[in-house]
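The values are calculated or read from the model by the stated rules, or taken from the named source; none is laboratory data. Predicted model, so just to flag it, every value in this text is computed and none were measured. Glycine gets a Cβ as well: all are built from the backbone with ideal geometry, and neighbour counts include every protein chain shown. All accessible areas refer to the heavy atoms of the entire protein, side chains included, with ligands and DNA or RNA removed. Shrake-Rupley method; radii C 1.70, N 1.55, O 1.52, S 1.80 Å.
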Amino acid sequence: KDGSEIWRVHYDGYSVIPQPIFGHGLIFICTGYEKPTVIAIRADGHGDLTQSHVAWTVTDSAPHTPSLLLVGDELFMVSDSGIASCLDAKTGAQIWKKRLGGNFSASPLYADGVIYFQSEDGVTSLVKASKAYELIGSNTVDEPTLASMAAGEHKLFLRTEKHLYCLEEK
């Protein structure tokens, strides 16, 4: 109500780009550059929670730029170098990891049971949102793209270097 600090967690990192997300009583953050780490923090404390409320940390294939994506009990992410991972959101245990190829700046998007991973080269990998890795397909636009896709009213929006696309199922 008044902007005063409730709690804090110390970590190494700077220039944090991914947005934090919340679920299962945990706040999931990425630490940024140097050694990117995903940290899950229990959000029910006061003061310095660094030692007491960090539920788990993961450094393997953690992103610098793309945000995390929470779908049910699974936390999905893609590293800047194109390695997609699925983690158990409550424990941080790796469920699967797969190299998609290319570099990534865009955050993954969830829509209708599918996760859209958009590479900087304009390749979108469609992966089933599940505990088993399943590539459903891929699509390519002939331009670079750094922007995250957006969804709305049964449409997907994709911004590339020179165009804005609106995709709709017929």
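For this structure, a couple of remarks:
- Distances between placed amide hydrogens fall under 5 Å for Tyr165 paired with Leu158, Arg159, Thr160, all partners being 5 or more residues away or on another chain.
- Computed over the stretch 82-170, the convex hull of the alpha-carbon atoms projects to a mean area of 6.1 nm².
- Of the solvent-accessible surface of the chain, computed with a 1.4 Å probe over protein heavy atoms with every protein chain present, carbon and sulfur atoms account for 49 percent.
- Its relative contact order, with pairs defined as Cα atoms under 8 Å and 6+ residues apart, puts the stretch 51-170 at 16 percent.
- For Lys97, the lysines whose Cα comes closer than 26 Å to its Cα, not counting residues fewer than 8 places off in the same chain, are Lys35, Lys128, Lys131.
- The stretch 17-80 gives an Rg/Rh value of 0.95, both radii derived from C-alpha positions and Rh following Kirkwood.
- Longest to shortest principal axis, alpha-carbon extents of the stretch 121-170, angstrom: 35, 26, 18
- Stokes-Einstein translational diffusion, the stretch 1-53 - Kirkwood Rh over all Cα pairs, 0.692 mPa s, 37 °C, in µm²/s: 274 µm²/s
- Of the chymotrypsin sites (Phe, Trp or Tyr not before Pro) found in the stretch 65-149, those that fall in a DSSP loop while having at most 16 other beta-carbon atoms within 10 Å are Tyr133.
- Of the residues His53, His10, the one with the largest accessible area comes first in the ranking His10, His53, computed with a 1.4 Å probe on protein heavy atoms.
- Residues of the chain: accessible area per residue with a 1.4 Å probe, Å²: 56 Å²
- Exposure ranking of Glu34, Glu134, Glu5, Glu74 by accessible area [1.4 Å probe, largest first]: Glu34, Glu5, Glu134, Glu74
- Convex hull of alpha carbon positions in the chain: directionally averaged projected area 11.2 nm².
- Karplus-derived HN-Hα couplings along the stretch 37-45 (A = 6.51, B = -1.76, C = 1.60, θ = phi - 60°), whole Hz, x at Gly and Pro: 9, 9, 10, 9, 10, 5, 9, 10, x
- Exposure rank, largest accessible area first [Trp56, Trp7; 1.4 Å]: Trp7, Trp56
- Selection from Thr124, His10, Asn103, by position along the positive dipole direction of the stretch 1-132 (Cβ): Thr124
- Pairwise FRET efficiency - Ser130 versus Arg42, Cβ, R0 = 35 Å, nearest 0.05: 0.85
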